1. The stretch 96-236: Rg/Rh from Cα coordinates, Kirkwood Rh?
2. So, counting K/R as plus one and D/E as minus one, what does the shell of residues with Cβ under 12 Å around Trp326 add up to?
3. Note the listed values (i) 48, 24, 22; (ii) 39, 25, 23; (iii) 64, 31, 21, then indicate which one is semi-axes √(5λ) of the Cα gyration tensor in Å calculated from this particular structure.
4. Suppose a student asked you for the relative contact order of the chain, using Cα pairs under 8 Å spaced at least 6 residues apart; what percent would you report?
5. Working out 0.36 nm times the residue gap between Ser125 and Glu175, then minus their Cα-Cα distance, what length gain in nm do you get to one decimal?
6. Which pairs, out of Lys221/Lys423; Lys195/Lys415; Lys247/Lys387; Lys78/Lys176, put more than 21 Å between their alpha-carbon atoms?
7. The stretch 51-76 to the stretch 458-532: how many Å between their Cα centroids?
8. What number of lysine-lysine pairs in the stretch 90-136 show an alpha-carbon separation below 19 angstrom, given a sequence spacing of 8 or more or placement on distinct chains?
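The values are calculated or read from the model by the stated rules, or taken from the named source; none is laboratory data. Keep in mind that what you see is a predicted model, and the values were worked out from it rather than measured. Backbone-built Cβ (ideal geometry, glycine too); neighbour counts: all protein chains shown. Side chains included, ligands, DNA and RNA excluded: accessible areas come from the protein's heavy atoms. Shrake-Rupley method; radii C 1.70, N 1.55, O 1.52, S 1.80 Å.
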Amino acid sequence: MHILLNLRGLNQITNLTLTTMLKKAGDFLRKRIILLIFTGFVLGSLAIIGGNRAIEATSTDEFCEKCHVHPHATESWKLSTHYATKSGMHIHCVECHLPPKGHGYLIEKARLGVKDIYGYFFKDSAEFNWESKRTLEKARHFVYNKSCTQCHANLFPLTLTKEGMDAHLYYTQNEKDLQCINCHLNVGHYDPNAKHASNTDFGKGSGANKTIYTEAASVNKFETFTEYIPNSTVSFKMIAIPGGTFKMGSPENEAFHKADEAPVKTIEVSSFFMSEIEVSWNEFLAFYGQTSGEGRSSDTEGGRARASVDATTGPTPPYGQPDQNWGLGQRPAITMRYHAAETYCHWLSKVTGKTYRLPTEAEWEYACRGGTETPYFFAGDPKKYDKTRFWNKVFGADTSNIASYVIYAENSQAKTQLPERVKPNPFGLKNMLGNVAEFCSDWYAPDAYAQLQDGIKDPKGPASGTEHVIRGGSFKSQASEVRCASRDYTRDEAWMKTDPQIPKSIWWYSDCNMVGFRVVCEYNNQTGKPEN
């Protein structure tokens, strides 16, 4: 009995002790949890405060300048309308170059921050081509529409001009395709050479020499000659291209071959003359100066401007600076539309008494190849030249040979170059590959070669289409895109997005600076060919 009582007492004491211990353990755990929560709160608050301060510290103009050592960045910003606005406000770096908070601000800040830090520590800023980084193509990756409209909420203020109203209305209808900087590229970084208006002074005062030619060249036989544009100071060289046959297109085993370059067809081409270089600004401005007029026309037929325009009716003033401020003279004329190039040929025919026109695609490739059947008209493997290939990116490539014949992405400094920079092809033609791509008279079709009969003579391409062929690649192209067989085509709608005019110009592209053209002259009764 005593033993049972003792056991019951012991159980009670044990239960009491256990309860007390559990209670104490619970109190201790609660205190620990509270302490952890408090500590977490304090640390979280400190992290938030510290993070905000870090964001603020790394978002100042002074901090941006530490990494962005562009020689023009700070100076051009301080000269811009965004440094000191009419209301006295300063617009800071991050207000343009990051989206507003709530629109991916932190993600973009982190992404660009990592990119900038990597560039600062692992790249040599002295080797950067800063001018090429000021282009619309580059800027659109670092300027955000939301940032613009955050301040410019009203796109139709009472003080806006009629032209501005038209431009902003067009923007609201095409927000997916346009950015504010399409038209307002230099508001944040002032460029004294930029022009955002109708350029009525364009081309004035240009001229190659003091001699005014009164007559065009007289050509009595099939040989290279120098053409003179009457009532101008301009002359240019026309190379005699003897007729023959060649294989048009590329075989499937050629590096970077594309489907629209096949099937390979044997083509016969008659003799013709082709300009030694792409039509230069000197040549185009002779046409512009003698024929330019007022008034735009959106009159189109079959998706293109009518070609029945009088050959003496030339371009209206361009909007902005067509040469991109790279220079005029012998540099290739750029930013003109196919209609302008075609009209130039009509005018040149009229003032010289010869038959000038754009080359057919067959004539262009025949002249480019100069009797060769390789990817280029010079020795070289596209795979060993092209920098898009991983091996070439990492280990580099010997591009000295291609660079001596072609102005392309690796040696162009992101702009057109003068013709003396390169050696001619076997026919004596310069810049057939690279510098600027060139209009051909053919409509583009991906299966155009399949429609040709083997052995056909002087084909002119499909009977109709929506875009025209362009050949030769440009200063933006990689080695794979400047092969003799490479084909491309115009993109008329995409290349006119920025033009704020209503209707849009039929003469000038607003968003294409890598296409020009070259002329051919027919070998006929007017040009060296005796009458039958």
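1. Details: Rg = 23.9 Å, Rh = 20.2 Å.
Rounded to two decimals, Rg over Rh is 1.18.
2. Details: positive: Arg331, Lys415; negative: Glu131, Asp323.
Every neighbour counted, the sum reads 0.
3. Derived directly from the coordinates: (iii).
4. Working: 886 pairs, mean separation 83.5, N = 532.
That works out to 16 percent.
5. On the way: separation 50, 0.36 × 50 = 18.00 nm, distance 3.44 nm.
Length gained between Ser125 and Glu175: 14.6 nm.
6. On the way: Lys221/Lys423 27 Å; Lys195/Lys415 18 Å; Lys247/Lys387 28 Å; Lys78/Lys176 31 Å.
Where the Cα-Cα span goes over 21 Å, the pairs concerned are Lys221/Lys423; Lys247/Lys387; Lys78/Lys176.
7. 44
8. Working: Lys101/Lys109; Lys115/Lys123; Lys115/Lys133; Lys123/Lys133.
Within the stretch 90-136, the lysine pair count is 4.
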